[in-house]
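Asker: One structure coming up, written as structure tokens, with questions to follow.
The values are calculated or read from the model by the stated rules, or taken from the named source; none is laboratory data. Just so it is clear, the structure is predicted and the values come from calculations on it, not from any experiment. So basically every Cβ, Gly included, is an ideal-geometry build from the backbone, and we count neighbours across all protein chains shown.
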Amino acid sequence: MGILQRGFTTETSFSNVNAKNGFFANAHGLEVRTSSIDYDSSSRDVDLPYHKVNHFKITNNTSLDLGNHTFHLDLGYQNNNREEHSEPIPHGYMPTPPDSKERAFNKNTYTLNVKDVFKPNAKHDVVVGLNMEYQDNNIGGWGGFLIPEYTRFTVGAFGYDQFEINKNLHLQAGIRYDFGVVDTHSYFDWYPSTRNNDDNTTSNIYLQRSQDKTLNFGSTSASVGLSYLRNKTTYKINIGKSFRMPLSNELASDGGVNYHMYRYEKGNLDLDPEASYQLDMEVDYSAKKFSVALSPFVNFFDNYIYLNPTSSYYETLQIYEYTQAKVFRVGGELSASSTVLKNVTLNASAEYVYSRQTSGPKKNFTLPFSPPLSGRLSANYQFKDLLFFNSPQLSAELKVAGAQNEIVPPEQITAGYQVLNMAFVSKLNTSKNSLPIEMRLKLNNVFHTKYFDHTSFYRLIDVPEAGRNISLSLTIPF
């Protein structure tokens, strides 16, 4: 809902998404043979263990045109409420819990973005602005945590200018400063554990899993680039420095098993902000019936943050630790499109990224979860309108991925694969006085190919990607 007037617009949106999904009981660490739940009674019920999520969001976007200046104001609030439930059984020193709520996670996020777009003269397009965000994360349950309670505040100010050197040549330049504060809170087990003392005695103590700590981060980012148009070809080149604060899970994850990813994650409070220096280019040729684009890049990270797999295990799950290393990356994407017949369009694309750690314990290795060389080839056929089908279109896409032999031990090598997907898309005219319904029918993995995605967390437990499946979606405007 909103207001639209001359020189002023404001729009407010609301959304609420609720979901309940089950976990694999064995991957969750439960012994199915001793459980009172009949897991085989139905293939469609959702028994313990499971998790449920409710995400509520309100956003407001406002624009005010004052002639030479146009102001944009974006406000937002999000609440993410998530719970994990499991059978309350004793484990180690932990007695039988009082209920099934193993973990609770409630995060409130408040955002403010404001910017001013103006033209000081005919040659310049300038944007200046400010971004602010505040997060408040609370936890509960008897099963520890993935991320402890924390608050996070970030603020960033930026300026951007596009300068027209001549009709076909433009210079873009921008600068930004970011500052952030992360405040993590301490957490102790709710039950005592027995520990051996140096004098051969024992003590019952409540183990501390996280600590109170305040971390401050700040840095400047900048970029400069050129774009040049010659006939039907556009050339672009950019060079810049970027900055990223460590996320809360990268800093403070510890004390809990991530059942979604089938691994045990440990954060690192000593992480520094991530800094990257990048050079990227793009050449784009576009004609009436044919287009092709090439976009290579190269960048170097002083302290790239990543999740490092170790050879240690916790309760049968592999331990991953957030760490940093100097990293060199180079890669790019090549894409092409052609209209071979009036109603037939062909598209092709390929992408590849080469990564190499140049410091740290995994020096000369790639990065974990690095994607292999991959490509897509698709064909689209546009039919004439038929009955109540408006602009019906049939498409087929072949996805090809090479083998990934570049791994970080103890990762496993993943074989290449080829998968064919098909789709039928159309608008449905149900009546003259209503907007058309958008229909999308998909047939994925047509040949029921068994394959593994190297970047998927299911790869860790040797679960292949989905076999042949059909989906139908309808978008009904009102």
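Asker: Filter the range 130-159 for residues that are surrounded by 17 or more Cβ atoms within 10 Å (Cβ to Cβ) and among the charged types (D, E, K, R) and give the result.
Answerer: 149, 152
Asker: Sticking with this one: For residue 378, indicate whether it is of a type in the set (Gly, Ala, Ser) and out of contact with any strand residue (DSSP E or B) (no Cβ under 9 Å at 6 or more places or on another chain).
Answerer: So residue 378 does not fit the description; no.
Asker: Given the options 248, 221, 242, name the one that is among the small types (Gly, Ala, Ser), modelled with pLDDT of 90 or more and crowded, with 18+ Cβ neighbours inside 10 Å.
Answerer: After applying the criteria, what remains is 221.
Asker: What is the residue count in the range 436-456 for residues that are surrounded by 15 or more Cβ atoms within 10 Å (Cβ to Cβ), at pLDDT 90 or above and in contact with a strand residue (DSSP E or B) (Cβ under 7 Å, 6 or more places away or on another chain)?
Answerer: Going through the range 436-456 one residue at a time, the tally reaches 10.
Asker: If you don't mind, another one. Working only within the range 397-425, note down all residues that are among the small types (Gly, Ala, Ser) and more than 16 Å from residue 379 (Cα to Cα).
Answerer: Within the range 397-425, 401, 402, 403, 415, 416 meet the criteria.
Quick grid of which residues meet (1) closer than 23 Å to residue 213 by Cβ; (2) in a loop (DSSP other than H, G, I, E, B):
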site: 107; (1), (2): yes, no
site: 126; (1), (2): no, no
site: 132; (1), (2): yes, no
site: 175; (1), (2): no, no
site: 191; (1), (2): no, yes
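Asker: Please pick out the residue among 127, 114 that is closer than 22 Å to residue 178 by Cα, β-branched (Val, Ile, Thr) and surrounded by 16 or more Cβ atoms within 10 Å (Cβ to Cβ).
Answerer: 127
Asker: Kindly establish whether residue 459 is touching a residue at least 12 places away in the same chain (Cβ under 8 Å), surrounded by 15 or more Cβ atoms within 10 Å (Cβ to Cβ) and out of contact with any helix residue (DSSP H, G or I) (no Cβ under 9 Å at 6 or more places or on another chain).
Answerer: Against the criterion (touching a residue at least 12 places away in the same chain (Cβ under 8 Å), surrounded by 15 or more Cβ atoms within 10 Å (Cβ to Cβ) and out of contact with any helix residue (DSSP H, G or I) (no Cβ under 9 Å at 6 or more places or on another chain)), residue 459 qualifies.
Asker: Looking only at the range 168-182, count how many residues are free of Cβ contacts under 8 Å to residues at least 40 places away in the same chain and exposed (fewer than 15 other Cβ atoms within 10 Å of the Cβ).
Answerer: Counting residues in the range 168-182 that are free of Cβ contacts under 8 Å to residues at least 40 places away in the same chain and exposed (fewer than 15 other Cβ atoms within 10 Å of the Cβ) gives 1.
Asker: Using the structure shown, decide if residue 272 is in contact with a strand residue (DSSP E or B) (Cβ under 6 Å, 6 or more places away or on another chain) and buried (at least 16 other Cβ atoms within 10 Å of the Cβ).
Answerer: no
Asker: If you take the residues in the range 159-168 that are assigned to a strand (DSSP E or B) and in contact with a Leu (Cβ under 7 Å, 6 or more places away or on another chain), which one is nearest to residue 96 (Cα to Cα)?
Answerer: Result: 163.
Asker: Further question: Do you know which of the residues in the range 164-214 that are among the basic types (Lys, Arg) and within 31 Å of the chain's Cα centre (by Cα) is farthest from residue 142 (Cα to Cα)?
Answerer: Filtering the range 164-214 for residues that are among the basic types (Lys, Arg) and within 31 Å of the chain's Cα centre (by Cα), the one farthest from residue 142 (Cα to Cα) comes out as 176.
Asker: So which residues in the range 299-319 are over 25 Å from residue 177 (Cβ atoms) and under 24 Å from the mean Cα position of the chain (by Cα)?
Answerer: 306, 307, 308, 309, 310, 317, 318, 319
Asker: For the range 426-473, which positions are within 18 Å of residue 379 (Cα to Cα) and part of a strand (DSSP E or B)?
Answerer: 426, 440, 441, 442, 443, 444
Asker: If you don't mind, there's one more thing I want to ask. Residues to consider are 424, 389, 452; find the one that is at negative phi, in contact with a helix residue (DSSP H, G or I) (Cβ under 6 Å, 6 or more places away or on another chain) and either in contact (Cβ under 8 Å) with a residue 12 or more places away in the chain or among the basic types (Lys, Arg) (or both).
Answerer: Going through 424, 389, 452 in turn, just one is at negative phi, in contact with a helix residue (DSSP H, G or I) (Cβ under 6 Å, 6 or more places away or on another chain) and either in contact (Cβ under 8 Å) with a residue 12 or more places away in the chain or among the basic types (Lys, Arg) (or both): 452.
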